[in-house]
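Below is one structure, written out as structure tokens; the observations come after it.
The values are calculated or read from the model by the stated rules, or taken from the named source; none is laboratory data. Source: prediction; values computed, not measured. Reconstructed Cβ throughout: ideal geometry from the backbone, glycine too, with neighbour counts over all protein chains shown.
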Amino acid sequence: MQLDFNLQSGAPKKKDAVPPKPAEPVVLGVSALTKKIRALLEDGVGEVWVEGEISNLRRQSSGHLYFTLKDASSQIACVMFAGQTAQLRGMNFNDGAQIQVFGELTVYEPRGNYQLIIRRVQERGVGALQAKFEELKRRLAAEGLFDSARKRPLPKFPRRIAVVTSPTGAAIRDFLQVLHRRQRGIEVLVFPVRVQGRGAAAEIAEAVQILGNATALGIEPPDVIVVTRGGGSLEDLWEFNEEILARAIAGSPIPVVSAVGHEIDFTISDFAADFRAPTPSAAAEILSSDSAELLEQLAHLSARLRRHVHARLDFLKNQLESFERTALFLEPPRRLREHRQTLDRLADDLIAGADSSLQSHRFTLERQSRILAAHNPAGKIETHLRQLRAEQDLMHRAAQTSLRDHRQILAHHAAVLEALNPNAALARGYTITRDATGRILRSSEEASRSQILETKFHDGTIRSRPEAAPSQA
């Protein structure tokens with residue numbers, strides 16, 4: 001039933017229920033539905049380990065492998081591409097073989113079949129953790145993270161050791177007990193971390209990085225870092241097999257010793273470290289020196305040094321005694337007198353040679369002075385100066401005479417030019433008449449042939465026309 005309200009009366013009234021109109025259904029295409037299923041499988045399951053029996057194995061010419069993995073009641077299609085098949089060498093990989101595979105669950109969309117893309121294969125019984133260990137070890141080794149060339153030697157006598165471990169575990173107690181028993185005085189810095197459980201690897205890696213950067217943080221850096229914990233199962237030690245810790249150890253600027261578990265236990269951190277100690281106690285033995293052994297070595301070296309010093313002193317004593325028996329030590333006054341006499345003789349020879357050389361240079365200087373006086377150039381210079389002044393006077397008088405003659409010639413030419421100047425004739429009353437072309441007219445007949453005449457006076461020019469032919473003389 002549905003209630004309806006009458007707006008006029010304000011009272012509700014019942015009305016028969018009307019079913020809602022159904023919504024339009026969402027229709028998916030096959031491809032869209034397949035993509036949804038693939039997304040659900042990849043996001044919901046993703047990478048997974050699966051165990052089963054190989055069936056219907058097909059090896060393609062491309063190198064890819066197609067097979068079915070089955071158990072008693074189910075099966076799943078599997079694909080292994082050519083790039084992953086190298087790991088199958090030496091393995092029984094045929095129909096009927098029991099294997100464990102690691103891969104990604106997805107959907108082959110063209111056929112709508114779900115399948116497993118295989119990344120890793122191992123025989124059943126190896127264990128997933130061991131397989132993961134071997135895979136990470138192989139990958140990091142291929143990068144060169146475990147190369148012996150990059151590993152650094154440990155300090156012979158470390159003064160400060162940083163231990164990254166649990167502060168309550170047996171490993172730190174064993175380490176400190178052995179270290180202090182063998183060599184006291186070594187400073188130990190304990191960096192407390194978790195050594196088991198999810199996230200412990202990140203804590204240990206962070207501790208190694210902090211210690212490696214101790215100087216920048218204002219902390220006195222250690223000479224060596226020890227990463228350690230006691231023994232346990234593969235699951236207990238697994239945090240020491242994480243990639244983050246391996247890279248932190250390999251990247252540390254300070255040498256790192258890995259002492260994890262018992263002697264038979266191996267972890268990824270052992271391969272990444274500069275040195276692997278089989279146990280925490282062994283790490284303490286390696287980094288410390290036995291005090292008794294050091295004292296014994298010191299005594300041995302002291303005895304060797306004492307013997308060497310005594311032998312050297314005996315040799316020098318014998319050499320000194322042999323020197324005392326030589327003539328140099330037996331007759332020193334005589335040798336000294338001889339050297340004094342030789343020195344006096346050389347001094348006399350030096351003074352005599354100096355006097356002779358000085359006298360010779362004095363005679364040469366006097367002779368050169370007389371020659372220089374005889375050839376004194378002062379008189380010749382005075383004579384040449386008088387000749388020069390006389391020649392200067394002659395040149396001055398000759399220049400004055402030549403200048404006067406040229407002035408007279410110039411005045412004569414100027415007078416001639418002035419007499420020939422046409423302007424002077426115009427000033428005396430003469431005129432010059434030209435026709436329209438500017439040609440000077442020299443007769444009246446030439447004037448009659450011109451239409452326009454131009455007559456120039458000394459003070460101007462007038463234009464005129466001829467009116468009649470000129471009369472004949």
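Tabulated values for the structure
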| quantity | calculated |
| --- | --- |
| Test: Phe329 is in a helix (DSSP H, G or I), more than 30 Å from Gln183 (Cα to Cα) and at pLDDT below 85 | yes |
| Residue check, Glu454 assigned to a helix (DSSP H, G or I) and of a type in the set (Asp, Glu) | no |
| First in segment 92-121 and on the phi < 0 side of the Ramachandran plot and of a type in the set (Asp, Glu), second anywhere and part of a loop (DSSP other than H, G, I, E, B) and modelled with pLDDT under 85, Cβ under 7 Å, 6 or more apart | Glu104/Gly46 |
| Checking Glu42 against (1) under 13 Å from Leu116 (Cα atoms); (2) surrounded by 14 or more Cβ atoms within 10 Å (Cβ to Cβ); (3) at pLDDT 85 or above, the condition it does not meet | (3) |
| Criterion (among the small types (Gly, Ala, Ser) and in contact (Cβ under 8 Å) with a residue 60 or more places away in the chain) met by exactly one of Ala259, Ala277, Ala282, Ala248 | Ala259 |
| Among (1) part of a strand (DSSP E or B); (2) buried (at least 18 other Cβ atoms within 10 Å of the Cβ) - the single one Ile117 does not satisfy | (2) |
| Helices (runs of 4 or more DSSP H) enclosed by segment 125-231 - at least 3 residues per element that are among the hydrophobic types (A, V, I, L, M, F, W, C) and buried (at least 20 other Cβ atoms within 10 Å of the Cβ) | 170-182, 200-212 |
| Which listed residue is modelled with pLDDT of 85 or more, over 22 Å from Lys132 (Cα atoms) and either outside the structural domain of Ile117 (by TED's automatic domain parsing) or part of a loop (DSSP other than H, G, I, E, B) (or both), from Ser9, Ser61, Ser55 | Ser61 |
| In segment 244-285, residue modelled with the highest pLDDT [restricted to those that are out of contact with any strand residue (DSSP E or B) (no Cβ under 7 Å at 6 or more places or on another chain), over 20 Å from Ala200 (Cβ atoms) and among the hydrophobic types (A, V, I, L, M, F, W, C)] | Ala284 |
| Conditions (1) exposed (fewer than 12 other Cβ atoms within 10 Å of the Cβ); (2) at pLDDT 90 or above: number failed by Lys70 | (1) |
| Scan of segment 51-71 for residues that are under 11 Å from Arg124 (Cβ atoms) and under 54 Å from the mean Cα position of the chain (by Cα), ordered by number | Glu51 |
